[in-house]
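Undergrad: I have a structure I would like to understand better, so I am pasting it below and will then ask my questions one at a time.
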Amino acid sequence: DRALRLSGLIAGSRPRVGDYKDAADLADYGVSVVDLSSVKGSDRFNHTKFADNPELVKMIGQRLREDDGFASDREVTDRISLLGQ
């Protein structure tokens, strides 16, 4: 999306999780990969696709409520930061 391309220009040529092609390898690290490249976002940067998709929002919500590192006794910001781990 446009926001990630802009971020890439600012950050340099660092690898991005979204550019990684081996979803199974990422899954070994507990990362869930959802390819939304064919979905049109509603903002001009095409960066809100995940939030525009009710099923994906539901999946993220379920992941945040799981009884593991995302336990409800943690602050929601801490649980969100653990999503990509």
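Undergrad: Out of region 40-57, which residues are loosely packed, with under 14 Cβ neighbours inside 10 Å and touching a helix residue (DSSP H, G or I) at 6+ places or on another chain (Cβ under 6 Å)?
TA: First, pick out the residues of region 40-57 that are loosely packed, with under 14 Cβ neighbours inside 10 Å: 40, 42-45, 51, 54-55, 57.
Correct list: 42, 45.
Undergrad: Just the residues that are surrounded by 10 or more Cβ atoms within 10 Å (Cβ to Cβ) and more than 21 Å from residue 5 (Cα to Cα), please, taken from region 27-39.
TA: Here is the first cut: in region 27-39, the residues surrounded by 10 or more Cβ atoms within 10 Å (Cβ to Cβ) are 27, 30-34, 36, 39.
Answer for region 27-39, where residues must be surrounded by 10 or more Cβ atoms within 10 Å (Cβ to Cβ) and more than 21 Å from residue 5 (Cα to Cα): 27, 30, 31, 32.
Undergrad: Give me the residue from region 9-24 that is part of a helix (DSSP H, G or I) and within 16 Å of the chain's Cα centre (by Cα) and, out of that set, nearest to residue 45 (Cα to Cα).
TA: Here the residue is 18.
Undergrad: Taking only region 1-31 into account, find how many residues are among the polar types (S, T, N, Q) and at pLDDT 75 or above. Give the steps one after another, and end with the answer.
TA: Looking only at region 1-31, we keep the residues that are among the polar types (S, T, N, Q), and these are 7, 13.
In the following step, the residues that additionally are at pLDDT 75 or above were identified as 7.
Total meeting the criteria: 1.
Undergrad: Of everything in region 41-81, what is charged (D, E, K, R) and at pLDDT 80 or above? Give them in sequence order. Walk me through it before giving the result.
TA: Residues of region 41-81 charged (D, E, K, R): 43-44, 49, 52, 55, 58, 63, 65-68, 73-75, 78-79.
If the condition is that a residue be charged (D, E, K, R) and at pLDDT 80 or above, then 43, 44, 49, 52, 55, 58 are the ones that fit.
The values are calculated or read from the model by the stated rules, or taken from the named source; none is laboratory data. In this text the structure is predicted, and so the values were computed from the model without any measurement. Glycine gets a Cβ as well: all are built from the backbone with ideal geometry, and neighbour counts include every protein chain shown.
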